[in-house]
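First the structure, in the form of structure tokens, and then the observations on it.
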Amino acid sequence: MRALIIDDERLARSEIRRLLEATPDVEVIGEARNADEALEQIDRLRPDLLFLDVQMPGCDGFELLERLDTAPGVIFTTAFDQYALRAFEVSALDYLVKPISPARLAAAVAKATARAPAPTAPESIDPPLRRGQRIFVRDGEHCWFVAIEDIVLIESEGNYARLYFSGHRPVTPRSLNAIGDRLDPALFFRANRRQIINLERIESLAPWPNDGYLVKLAGGLEVEMSRRQARLFHTRARL
Amino acid sequence: MVWCVFIWNVAYFAVHYFERWRQAELDKLQLAVIAAEAKLNGLMSQLNPHFLFNCLNSVRGLIVEDPAKAQAAITSLSELMRYSMQASRIATVPLEAELEMVQTYLSLEAVRLDERLTSELDIAEDSRPVPIPTMLVQLLVENAVKHGIEHLPAGGSIRVSSWLDVGTLHVRVTNSGQIVSRAGSTRLGLVNARERLRLLYGTRASLALREDGRSVVADLSLPAAPAAGASP
């Protein structure tokens with residue numbers, strides 16, 4: 001796994017690097033001191049794994065993740081932060097407390113390795129999100145890394161979007177269009193101006209006034225497909 | 001007739017002194033409760049865990065890179081821990097002793113924050129021996145780091161100054177940053193501090209926090225002589 005270390009403290013970064021150098025299967029490909037450096041390096045180097053300090057000045061680790069289209073594996077680090085620790089536990093996130101124990105680091109890395117989506121050929125610019133790739137979403141203390149294929153519905157909410165999955169409906173600071181641009185059209189379909197649905201989660205379609213459809217999705221969600229989109233849907237279904 | 005007045009006066013003053021004694025005992029008890037609570041919250045709550053674990057992590061990082069610096073840091077850390085443990089048992093210390101610990105603390109934070117923390121002390125000679133409540137200035141400086149410096153990506157500076165002014169000791173802690181309204185332990189720390197000041201000095205001590213442009217200023221003032229009638 002190719003790892004990026006993100007921490008504002010030089011000694012904290014060197015400590016993680018030192019431990020990782022003794023960990024097989026992990027290669028440190030870079031270090032970032034703040035959110036801006038991290039975003040630039042994530043974009044350029046495409047790491048599989050982030051070691052992310054949640055307490056950097058100006059930007060906590062969660063905010064950074066919300067700005068990523070897709071989250072690689074993440075192992076959070078913290079010295080002691082009661083809010084973060086609660087969020088980690090409530091959301092079952094992987095985290096390490098500093099000073100980091102080598103044994104716990106090894107276990108966290110093994111878990112991340114097992115969970116990583118299969119590597120593919122070198123990617124073109126901004127390819128659509130593949131199955132297994134995850135998006136980071138936060139709702140108060142609850143955080144999730146949602147696999148893209150588990151999202152049932154995406155709904156625009158002002159400049160943001162609401163994601164529906166597994167009974168949760170958190171809002172994410174990304175626009176519907178920004179998300180839509182990254183989605184695989186084989187998996188996701190725009191039902192109307194405000195909503196995108198996961199084709200694999202359609203349970204039934206019923207005719208609806210104006211040549212549209214009422215789409216029933218997993219989890220009891222209902223969405224209206226506009227006439228225009230319904231026509232498109234038919235065309236695609238025929239292919 | 002004179003006897004009546006006399007007896008009345010005696011009774012009046014007896015009651016009055018009894019009330020004052022009772023209040024003094026109550027205050028002593030309250031002070032003890034506060035100290036006990038601080039102890040209950042963990043001795044380490046006086047040295048906040050965030051600082052402690054970050055410090056240990058930095059020191060561990062130094063062991064290979066700069067062993068001498070690591071050794072010095074461990075010595076400093078143990079001095080700080082010892083001082084903070086004693087704080088719950090000793091009500092006041094000379095300002096000088098407290099400032100020594102503040103400098104030790106700042107040197108440790110400088111290890112981990114590097115060029116992101118600069119500090120200076122400007123202490124009037126005649127203010128050095130004045131007794132002050134233990135760990136009070138330390139609390140202000142810790143807050144300055146935790147809520148000021150640590151939130152600034154480019155870091156900032158802390159300045160501690162003290163002076164005497166007609167029998168009143170003034171201690172000022174200034175740091176780059178803003179007042180961050182946070183619930184929890186920090187507010188509790190300040191509430192606790194003000195309560196200690198009230199119990200030791202009544203209305204003659206004060207602790208004020210304000211913003212001044214891009215800095216935060218904490219102003220502590222208290223009587224330079226031990227408060228009359230307070231518990232020793």
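The values are calculated or read from the model by the stated rules, or taken from the named source; none is laboratory data. Predicted, not measured: the structure shown is a model, and the values here were computed from it. Glycine also receives a Cβ, built like all others from the backbone with ideal geometry; neighbour counts cover every protein chain displayed.
Condition test on B:Gly184, is it out of contact with any His (no Cβ under 9 Å at 6 or more places or on another chain), within 14 Å of another protein chain (Cβ to nearest Cβ) and either crowded, with 21+ Cβ neighbours inside 10 Å or at pLDDT below 95 (or both)? When the stated conditions are applied, B:Gly184 passes them.
Exactly one residue out of A:Arg86, A:Arg131, A:Arg138, A:Arg162 is of a type in the set (D, E, K, R), in contact (Cβ under 8 Å) with a residue 60 or more places away in the chain and out of contact with any Cys (no Cβ under 8 Å at 6 or more places or on another chain): that is A:Arg138. Residue check: is A:Ala22 within 14 Å of another protein chain (Cβ to nearest Cβ) and surrounded by fewer than 21 Cβ atoms within 10 Å (Cβ to Cβ)? For A:Ala22, the condition - within 14 Å of another protein chain (Cβ to nearest Cβ) and surrounded by fewer than 21 Cβ atoms within 10 Å (Cβ to Cβ) - is met.
Could you list, in sequence order, the residues of region A:44-59 that are out of contact with any Pro (no Cβ under 9 Å at 6 or more places or on another chain) and either modelled with pLDDT of 90 or more or away from chain B (no Cβ under 11 Å) (or both)? Hits for region A:44-59 are A:Arg44, A:Leu45, A:Phe51, A:Leu52, A:Asp53, A:Val54.
Within region A:60-83, the set of residues being in contact (Cβ under 8 Å) with a residue 40 or more places away in the chain and within 14 Å of another protein chain (Cβ to nearest Cβ) comprises A:Leu64, A:Thr77, A:Tyr83. Among the residues that make up region A:180-189, is at least one of them of a type in the set (D, E, K, R), over 14 Å from A:Val152 (Cα atoms), modelled with pLDDT under 90 and part of a helix (DSSP H, G or I)? Checking region A:180-189: at least one residue is of a type in the set (D, E, K, R), over 14 Å from A:Val152 (Cα atoms), modelled with pLDDT under 90 and part of a helix (DSSP H, G or I).
Exactly one residue among A:Ala32, A:Ala38, A:Ala3 is of a type in the set (Gly, Ala, Ser), out of contact with any Gly (no Cβ under 6 Å at 6 or more places or on another chain) and away from chain B (no Cβ under 13 Å), and that residue is A:Ala3. Please tell me if A:Glu15 is within 9 Å of another protein chain (Cβ to nearest Cβ) and part of a helix (DSSP H, G or I). So A:Glu15 fits the description; yes. Among the residues of region A:47-58, those identified as without any contact (Cβ under 8 Å) to a residue 60 or more places away in the chain and within 18 Å of the chain's Cα centre (by Cα) are A:Pro47, A:Leu50, A:Phe51, A:Leu52, A:Asp53, A:Val54.
Looking across region B:115-173, the residues that are among the aliphatic types (A, V, I, L, M) and more than 22 Å from B:Leu47 (Cβ to Cβ) come down to B:Ile123, B:Ala124, B:Val130, B:Leu152, B:Ala154, B:Leu164, B:Val166, B:Leu169.
If you go through region A:190-232 one residue at a time, how many are among the charged types (D, E, K, R), over 16 Å from A:Leu163 (Cβ atoms) and part of a strand (DSSP E or B)? Of the residues in that region, 4 qualify.
Any residue at all in region A:101-122 that's within 14 Å of chain B (Cβ to nearest Cβ), under 30 Å from B:Val59 (Cβ atoms), surrounded by 17 or more Cβ atoms within 10 Å (Cβ to Cβ) and at pLDDT below 90? No: zero hits.
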